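**Student:** Here's a structure for you.
The values are calculated or read from the model by the stated rules, or taken from the named source; none is laboratory data. The model shown is predicted, which means the values in this text are computed figures rather than measured ones. Glycine also receives a Cβ, built like all others from the backbone with ideal geometry; neighbour counts cover every protein chain displayed. The protein model used for the area step is the full one, side chains on, heavy atoms only, and it has no ligands, DNA or RNA in it. Shrake-Rupley method; radii C 1.70, N 1.55, O 1.52, S 1.80 Å.
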Amino acid sequence: MSRQVGVLNALDLAKTQWYHFTAIIIAGMGFFTDAYDLFCISIVTKLLGRIYYHIPNSPKPGSLPPNIAAAVNGVAFCGTLSGQLFFGWLGDKLGRKKVYGITLILMVVCSIASGLSFSHSSKSVIATLCFFRFWLGFGIGGDYPLSATIMSEYANKKTRGAFIAAVFAMQGFGILGGGIVALIVSAAFNNRFPAPPYMDNPNRPTIPEADYVWRIVLMFGAIPAALTYYWRMKMPETARYTALVAQNAKQAAADMSRVLQVDLELNDHEKNFTTESHEINQNRFGLFSREFAKRHGLHLLGTTTTWFLLDIAFYSQNLFQKDIFTAIEWLPSAATMSELEECFKIAKAQTLIALCGTVPGYWFTVALIDYLGRFFIQLMGFIMMTIFMFALAFPYNHWKEKPHRIGFVVMYSLTFFFANFGPNSTTFIVPAEIFPARLRSTCHGISAAAGKAGAIVGAFGFLYAAQSKDPKLTDPGYPTGIGVKNALILLGCVNFCGALFTLLVPESKGKSLEELTGENEDENMNGNTNIVRDVNV
């Protein structure tokens, strides 16, 4: 295995080149689609309720029953969790490239199928929607460990954090894109098929054209994913996987020379070193070994717990911001709007939050992560989220007053800013750096799956928890909850716990992947022979 050190050193020292940016775009468009598909559902859930659960002459427009709303919002997360575990493991067993295209095909097919839900009955539509969104989530789940691992293994050590962060930052554009598409589609349909506010005629059913709006919004997510399929298939296997896991230094050197413009020459002994290296490597520890627990057990605990806690807060805020904005009356009462007008205003609110808080936070991370470090940014993000959550929660009645509502929106946007210039980015980056190559995709998948478990808790739990304590003010079919104020206090406490568990996560700034994982120690034990004869960087 020692002969592979030179290939890896060349990767760490290679200058930033066009192929690095190509890889960011190829992997990042997958994340654009991931975020678009996961978050656009929150824009159209109110519309689904009006279309399929309309009750004539009810004082309020139709809304999804609690169990249906929980399923529609949360089923994709269940699929994502499963996909992260399965494809993370498969990426270490078969290679990153072999699995990468499968996830994209799933995302394209299921995005389209989500908008083609069969029949017009509410049960059939919701059942098929949930079925395809589960498998959509399954494909999205695979994109997490594979994209992060591929980018970390291609990058040099100087700018690795920024490259992985840039891939993840496309999530912000995906959230923004979902809002913009919904704005355009709902505005176009509302202009062509205007309808009066619900309160003017509670007996009026939802206009039939509204059924096209949510379908178009969901299906649009297939387009960016489909556009990148060809280039994903053209990407070679990462040199680190080929050298350290597949034990083929010759192929790793050839692949790296072709895409990163690095010239490598191997002597005859090194070209035939594969079998010897493979025999040495068979005795190395696995995921469930004591040696792994000793070396990386606390690291895995740190990455899983911080991602779990972060996603409880992050997905609660994202999926139910429309409910929070309604509670503070930033969005008008549903009865005062038509179905398409309500969809437009929800999309507008989500787009503004994404534009002002979500997207800038991601790119602050890209710019500063290789200077400030992962640990500092994650700890700062959790602490600032805690502060802003408590600042929103404790004077909650103050923020509900009309003169202060804009202040609430600004503060709420800042919690998104520090989530993304903070743990939402770093929890994605660090697991792709600190685990051995043969377990990297698996451990990232486990960490990400823990995050999606947190998202499920947020999606299902916050839906009920944020309901008013007053039975008269709860949404139809819901039991009383603890109210938005207490729910925000609870999320603040969750963020504080995230700051504490961040202490288990090591700093990876400026270090090679092999230095972080201890793989270079194994190489040094067997004698360090450099295979690089001529490296032009």
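**Student:** Would you rank Lys93, Lys452, Lys46, Lys472 by solvent-accessible area, highest first, keeping every protein chain in place and using a 1.4 Å probe?
**Tutor:** So the residues, ranked largest to smallest area, are Lys472, Lys93, Lys46, Lys452.
**Student:** To continue, here is another question. State the extension gain, in nm to one decimal, for the chain segment bounded by Leu301 and Leu372, taking 0.36 nm per residue of separation less the distance between their alpha-carbons. If you can, show how the numbers build up before the last one.
**Tutor:** On the way: separation 71, 0.36 × 71 = 25.56 nm, distance 2.31 nm.
Length gained between Leu301 and Leu372: 23.2 nm.
**Student:** How big is the accessible area of Arg204 in square angstrom, nearest 10, if you roll a 1.4 angstrom probe over the protein chains?
**Tutor:** Per-residue accessible area (Arg204): approximately 40 Å².
**Student:** I would also like to ask the following. Nearest 10 degrees, 0 to 90: what angle lies between the long axis of helix 437-465 and the longest principal axis of the chain (Cα atoms)?
**Tutor:** 10
**Student:** A further question on this structure: For Trp363 and Lys511, compute 0.36 nm times the residue count separating them, minus their Cα-Cα distance, and round to one decimal in nm. Don't skip to the answer; put the middle values down first.
**Tutor:** Working: separation 148, 0.36 × 148 = 53.28 nm, distance 2.19 nm.
Full extension from Trp363 to Lys511 adds 51.1 nm.
**Student:** Using Cα atoms only, what is the angle between the long axis of helix 122-154 and the major principal axis of the chain, expressed in degrees (0 to 90) to the nearest 10?
**Tutor:** 30
**Student:** Which of the peptides 241-253, 11-23, 134-146 is most tightly packed, and how do the rest follow, judged by the mean count of other Cβ atoms within 10 Å per residue? Don't skip to the end; give the middle numbers.
**Tutor:** Working: 241-253: 23.7, 11-23: 16.6, 134-146: 28.0.
Going by the mean number of other Cβ atoms within 10 Å, highest first, we get 134-146, 241-253, 11-23.
**Student:** Still on this structure: What angle do you read, to the nearest 10 degrees and between 0 and 90, between the alpha-carbon axis of helix 96-114 and the longest principal axis of the chain?
**Tutor:** The helix 96-114 is inclined about 10 degrees to the chain.
**Student:** So, one more: Would you kindly work out the equivalent ellipsoid of the chain from its C-alpha gyration tensor and give its semi-axes, the square roots of five times the eigenvalues, largest first in whole Å? Don't skip to the end; give the middle numbers.
**Tutor:** Values: eigenvalues 412, 114, 70 Å².
So the three semi-axes of the chain are 45, 24, 19 Å.
**Student:** Let me ask something else. Using 0.36 nm times the number of residues separating Asn203 and His398, minus their current alpha carbon distance, what extension gain do you get?
**Tutor:** Residue separation times 0.36 nm, minus the Cα-Cα distance, leaves 66.5 nm.
**Student:** What's the carbon and sulfur percent of the stretch 79-123's accessible surface, probe 1.4 angstrom, rounded to a whole number? All intermediate terms of the calculation are to be shown ahead of the outcome.
**Tutor:** Details: 1480 of 1960 Å².
Within the stretch 79-123, the accessible surface is 75 percent carbon and sulfur.
**Student:** Using per-residue counts of other Cβ atoms within 10 Å, averaged over each peptide, order 70-77, 390-397, 360-367 from highest down. Write out the running numbers ahead of the final one.
**Tutor:** Working: 70-77: 23.8, 390-397: 16.1, 360-367: 20.6.
With the highest mean Cβ count within 10 Å placed first, the list reads 70-77, 360-367, 390-397.
**Student:** Given a 1.4 Å probe and the protein chains all in place, what does the accessible area of Cys356 round to, in Å² to the nearest 10?
**Tutor:** Using a 1.4 Å probe on the heavy atoms, I get roughly 90 Å².
**Student:** Next question, about the same structure. Mean separation of Cα pairs under 8 Å and 6+ residues apart, divided by the residue count of the chain: what relative contact order is that in percent? Before the final figure, lay out the partial values.
**Tutor:** Details: 1002 pairs, mean separation 143.0, N = 537.
Relative contact order here is 27 percent.
**Student:** OK, next. Let's test the formula: R0 of 51 Å, r as the Cβ-Cβ distance of Ile25 and Ser333. What FRET efficiency results, to the nearest 0.05? Can you show the working numbers first?
**Tutor:** Details: r = 43 Å, r/R0 = 0.84.
For Ile25 and Ser333, the calculated efficiency is 0.75.
**Student:** Now, a different point. How would Thr358, Thr128 line up by accessible area, probe 1.4 Å, largest first? Walk me through the numbers before you get to the answer.
**Tutor:** On the way: Thr358 0, Thr128 25 Å².
Correct descending sequence by accessible area is Thr128, Thr358.
**Student:** Say each of Lys472 and Met233 gets a label point 7 Å from the Cα, pointing the same way as Cα to Cβ; how far apart are those two points in nm?
**Tutor:** With each label placed 7 Å out from Cα toward Cβ, I get 6.3 nm.
**Student:** Rounded to the nearest whole Å², what accessible area per residue is found for the chain with the 1.4 Å probe? Working shown, then result.
**Tutor:** Values: 20090 Å² over 537 residues.
With all protein chains present, the chain gives 37 Å² per residue.
**Student:** If you don't mind, there's one more thing I want to ask. List the lysines whose Cα lies under 23 Å from the Cα of Lys98, skipping any in the same chain that are fewer than 8 positions away.
**Tutor:** List returned: Lys234, Lys250.
**Student:** May I pose another question? Beta carbons within 10 angstrom, averaged per residue: use that to sort the peptides 498-510, 165-177, highest first. Spell out each step's value before the answer.
**Tutor:** Numbers: 498-510: 18.9, 165-177: 25.5.
Per-residue Cβ counts within 10 Å, averaged per peptide and sorted highest first, yield 165-177, 498-510.
**Student:** Sticking with this structure for a sec: Only Lys, Arg, Asp and Glu count, each charged at its Cβ (+1, +1, -1, -1), so figure out the dipole size of the chain about its Cα centre, rounded to 20 debye.
**Tutor:** On the way: 43 positive and 37 negative charges, 177 e Å.
Computed about the Cα centre, the dipole is about 840 debye.
**Student:** Students sometimes get this wrong: rank His296, His54 by accessible area, probe 1.4 Å, all chains present, largest first.
**Tutor:** On the way: His296 5, His54 45 Å².
From most exposed to least exposed: His54, His296.
**Student:** Separate question: Any chance you could look up the accessible area of Leu368 with a 1.4 Å probe, heavy atoms only, rounded to 10 Å²?
**Tutor:** Here the residue's solvent-accessible area equals roughly 60 Å².
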